[in-house]
Structure formats: C-alpha cells, structure tokens
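See structure below.
Every number here is computed from the coordinates shown, using simple stated rules; none is lab data. Owing to the predicted nature of the structure, the values given are computational and were not obtained by experimental measurement. Neighbour counts run over all protein chains shown; Cβ positions are idealised from the backbone, glycine included.
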Amino acid sequence: MTYRVVVSQAAKIELRDAARWWAEHRSADEAQRWYDGFLKALYGLEQWPESHPLAAENDDFKFTIRELHYGLSFRPTHRAVYAIVGDCVTVLAVRHAAQRRIAPDDISPPTEDQ
C-alpha cells in the first residue's frame, strides 16, 4: 500500500527553523543537505510507515504516534513524529533528539482528510 504523506504546518516550521539554525551556526551547505535529506526521508514514509518505532511518548496520546530518526551521520540528530490515519501519514512535529518529550497539547490530532 502506498500512503499519502502530509507534513503539518507546525512540522514544516520546525524543520525550517532547525535548518536555519544549522546554517547560521555550522554550515549552510550542510544545512541544505540535511533539509533536503530529511524531506526525502519524510516523503519516503509513503512506503512502510509502520516500520518505524512507536514514539517514546506514544502512551501519553489517544492515537498512535511513531517516529522517524534522521541525521547526516550515523547518529541521528532529529526525529519526526507522525501518525497514520487510513491511507494518510501526517508528520506532526520535528524535534531535535535532545528536546523534551512531546505532550498531547503540543500537537493537533491527525485526521483522515488532511
């Protein structure tokens, strides 16, 4: 089955903010490579999104959330938190690996028609 991938507005902002930080504090070229690679990984969720682990905070939510880990090296620096509803994968948030856990009030629940 092929899923439709929707990146929420909040996740898009978080992704852009992380890339902007990387460009300002590290390397603009690496930031662009990271951003492009992360987007490719997110849209790759159209195949086998269930293969990624449940998010650490999954038990805190009324719906199932999973996480995709991403980084330029062998140690992922960020994670995308997403939910699967019907044939739609909704990316709800993008967080640095060191950021606090996501609480139910931090994100909007996914819907099938997103």
Any chance you could give the angle, 0 to 90 degrees and rounded to 10, that helix 28-43 forms with the longest Cα principal axis of the chain?
-> 20
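So if I place +1 on the C-beta of Lys and Arg and -1 on the C-beta of Asp and Glu, and nothing else carries charge, what would the dipole magnitude of the chain be about its Cα centre? I want it in debye, nearest 20.
360
Could you list the chymotrypsin sites (Phe, Trp or Tyr not before Pro) in the range 44-74 that lie in coil according to DSSP, counting only those with at most 14 other Cβ atoms within 10 Å of their Cβ?
On the way: sites: F61, F63, Y70, F74; in loops: F61, F63, F74.
Sparse-neighbourhood loop chymotrypsin sites (Phe, Trp or Tyr not before Pro): F63, F74.
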Counting only trypsin sites (Lys or Arg not before Pro) that are in a DSSP loop and have at most 14 other C-beta atoms within 10 Å, tell me the longest site-free stretch of the chain.
-> 63-99
Rounded to whole Hz and in sequence order, give me ³J(HN,Hα) for the range 72-85 from the Karplus expression 6.51 cos²θ - 1.76 cosθ + 1.60, θ = phi - 60°, writing x for Gly and Pro.
-> 7, 10, 6, 9, x, 9, 9, 9, 9, 9, 9, 10, 10, 10
The extension gain from A98 to Q47, computed as 0.36 nm times the residue separation minus the Cα-Cα distance, is 15.6 nm
To the nearest 10 degrees, the tilt of helix 9-25 (Cα long axis) against the first principal axis of the alpha carbons of the chain is 20
Expressed as a rounded percentage, what relative contact order does the chain have, with Cα pairs under 8 Å and six or more residues apart?
-> 29
Averaging sequence separations of C-alpha pairs under 8 Å and six or more residues apart, then dividing by the length of the range 53-114, give the relative contact order as a whole percent.
-> 28
